[in-house]
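Working notes, structure below.
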Amino acid sequence: MSHLHIPDGVLPVWFWLAGYIIAAMAVAISLFMVRKVDLKKKVPLLGMMSAMMLVGMSLEMAPIAYHVNLSVITGIIVGPWLAIVAAFIVNFILSLVGHGGVTTVGLNTIVIGFEGVMGYLLFSIFRKLTKPGKSAAAATVLTLFMSTCLMLFIIYLANINLSLPSSNEIRDIMETHPAKALGGLLKINTGFNFKFFAIAALGLGPIGWIIEAIITGAAIKFISKVKPEIIS
C-alpha cells in the first residue's frame, strides 16, 4: 500500500535526490551492522523474502487498489538491517519493470525499509506479551498505519499535482468506488486534492492492513511451530 508508483519526471529533482541520499546512508549502515551476522544462513532468507515481496507488491487487490508489501514479515525473519537491504533490492527491480520510476527508488526504500524495521521492533515488543502469530499480526497493522502516514507526509512535502495522469497510484486510489463513497459519506471534495487522497488512503487502508496482518500472523504462527529458530 505505502509504495509510491510515481514515474520519473513527476517529483522535484532535489526531493528524489534527497531520498536517494538517505536511502544510501541507510543501506550503508545496514551493511556495516550485519558484518557479524551469520550471512550463510541469512542471505538465503534474504533472497527468499525479497522474492516474496516482489510478488506481493506486483499483485493488486481490487477494488481498493491495495497490494501487500510483506515487509513486516521480512523484517521479522531477516532482521531490521537486512530488511532495509531487501527494500532497496525489491524497489530497484520493480523500478526496472515500470512499477514506479527509478527516481522513486530512494523514497520507496525509506518507506518499505521503515516497515521492515518497525515491524521487527514492534514484533519484539508484542512477543513478550502474547503468542508469535498474534504479535506479528498486531505489529503489521500498527506498522502499516505508520508507513501510510509516512507515505502521505512524503507526498505532501513533494507537493505533487494529484491531477496529473502520471500519478497513477494516487489516481487509482482516488478513483475507486469505495474511496468516492467514503468521500461522499464524509461530505468532502472528492476531486484530485491531497485531503481527499489522505482520507481515502487512511480510510481504505485498514482493509488491506488487516489482510496483510492475517497473512503475516498465520505465516509467523506456522514458522514458530516448525522452525522457531528463524524468528528467534
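The values are calculated or read from the model by the stated rules, or taken from the named source; none is laboratory data. As the structure is a prediction and not an experimental result, all values here were calculated from the model. Here the Cβ is made from the backbone with ideal geometry for all residues, glycine too, and neighbour counts use every protein chain on show.
Here are the numbers:
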item	result
Hits in the stretch 1-30 - residues which are buried (at least 17 other Cβ atoms within 10 Å of the Cβ), of a type outside the set (Ser, Thr, Tyr) and not in a helix (DSSP H, G or I)	MET1, HIS3, LEU4, HIS5, ILE6, PRO7, VAL10, LEU11
Matching residues in the stretch 121-140 - criterion: being of a type in the set (Val, Ile, Thr) and surrounded by fewer than 20 Cβ atoms within 10 Å (Cβ to Cβ)	ILE125, THR130
Among the residues listed as MET57, MET118, MET53, the single one being surrounded by 15 or more Cβ atoms within 10 Å (Cβ to Cβ), in contact with a His (Cβ under 6 Å, 6 or more places away or on another chain) and closer than 25 Å to GLY203 by Cα	MET57
Elements of type helices (runs of 4 or more DSSP H) contained in the stretch 69-167, each with 1 or more residues being free of Cβ contacts under 8 Å to residues at least 24 places away in the same chain and over 23 Å from LEU59 (Cα atoms)	105-126, 132-158
Out of LYS36, LYS42, sole residue that is more than 22 Å from LEU157 (Cβ to Cβ) and in a loop (DSSP other than H, G, I, E, B)	LYS36
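Per-residue answers, yes or no, for (1) among the basic types (Lys, Arg); (2) at pLDDT below 80; (3) within 17 Å of the chain's Cα centre (by Cα):
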{"residue": "SER2", "(1), (2), (3)": "no, yes, yes"}
{"residue": "PHE15", "(1), (2), (3)": "no, no, no"}
{"residue": "VAL27", "(1), (2), (3)": "no, no, yes"}
{"residue": "VAL43", "(1), (2), (3)": "no, no, no"}
{"residue": "LEU46", "(1), (2), (3)": "no, no, yes"}
{"residue": "TYR66", "(1), (2), (3)": "no, yes, yes"}
{"residue": "SER71", "(1), (2), (3)": "no, no, yes"}
